[in-house]
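Input: a single structure, listed below in structure tokens.
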């Protein structure tokens, strides 16, 4: 199953992608992470990107798509992938579709995490992440069970992004609405766009994701039954 998670910054795409990866064996693909890893390993595409970045220029769409193409060809992507943070424009979406078609693959679903932007600013300003395993938390909405200890790995060190503040968040939302939101009609016209309420709790969002992806019982229970 090949999936794209869409939504503004802070909607929880990365967190939900990690949960899908852990439970269903899909591979989360963050183009930023792939780019940094490729540069660190001195791979040809990474070195090509580094030359462009060293000039202060943006990495072109073609190179990013080629990097995705190379990554999804690895054995660990056999069960499918989750794209988080790409595409951001209709042009990128079209380039991604063409690349997948050339490889006899396709996107199975695009899921939008819908949010209330005013509440999202509040939610983002309280985020923090485990430095060891990357698990995400929030001061108000998703604190650790034991203060100062990661629920997942037991680590005791956490980080907060410097740009997780109201002023920066409003600017990022503006950029998302003007640049990325226009791709929603593109995927809707293809019949593969679904929506989930991204303002629910993290576990509730994950369960709603499972339902739209067709991997959870339609009744909403966890017993594995087939009731309606």
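Computed from the coordinates by the stated procedures, all read-outs in this text should not be read as laboratory data. As the structure is a computational prediction, the values presented were derived from the model and not from experiment. Using ideal geometry, Cβ is built from the backbone for each residue, glycine included, and neighbour counts are taken over all protein chains shown.
Scaled to the globular estimate 2.2 N^0.38 Å, the Cα spread of region 31-131, given as radius of gyration, is 1.27. Shown for 48, 22, 208: other C-beta atoms within 10 Å of each C-beta, ranked fewest to most, produce the order 22, 48, 208.
In which sequence would 211, 79 go, from the one with the fewest C-beta neighbours within 10 Å to the one with the most?
79, 211
Here the Gaussian network model covers the chain, with springs between Cα atoms less than 10 Å apart; of 41, 66, 132, 41 fluctuates the most. Look at (i) 0.96; (ii) 1.00; (iii) 0.93: the one that is Rg/Rh (Cα atoms, Kirkwood Rh) derived from this structure is (i). Once C-alpha pairs closer than 8 Å and six or more residues apart are averaged by separation and normalised to the residue number of region 99-228, the relative contact order reads 27 percent. For the chain, averaging the sequence separation of C-alpha pairs within contact (under 8 Å, six or more residues apart) and dividing by the residue count gives a relative contact order of 25 percent. At an R0 of 30 angstrom, the distance between the Cβ atoms of residue 99 and residue 151 translates into a FRET efficiency of 0.20.
Roughly what % of DSSP beta bridges within region 89-197 run antiparallel, to the nearest 5?
The answer is about 60 percent antiparallel.
Look at the alpha carbon pairs under 8 Å that are at least 6 residues apart: their mean separation over the length of region 1-57 gives a relative contact order of 16 percent.
Fewest-first ordering of 77, 130 by other beta carbons within 10 Å of each residue's beta carbon gives 77, 130. Considering only 148, 80, 56, the mean-square fluctuation computed in a Gaussian network model of the chain, springs between alpha carbons under 10 angstrom, is largest for 56. Annotation: the antiparallel percentage among DSSP beta bridges lying fully within region 1-160 is about 40. Taken over region 97-148, the percentage of Cα pairs per 5 Å bin, counting from 0 up to the bin with the maximum distance, is 4, 14, 16, 14, 11, 11, 12, 11, 6, 2.
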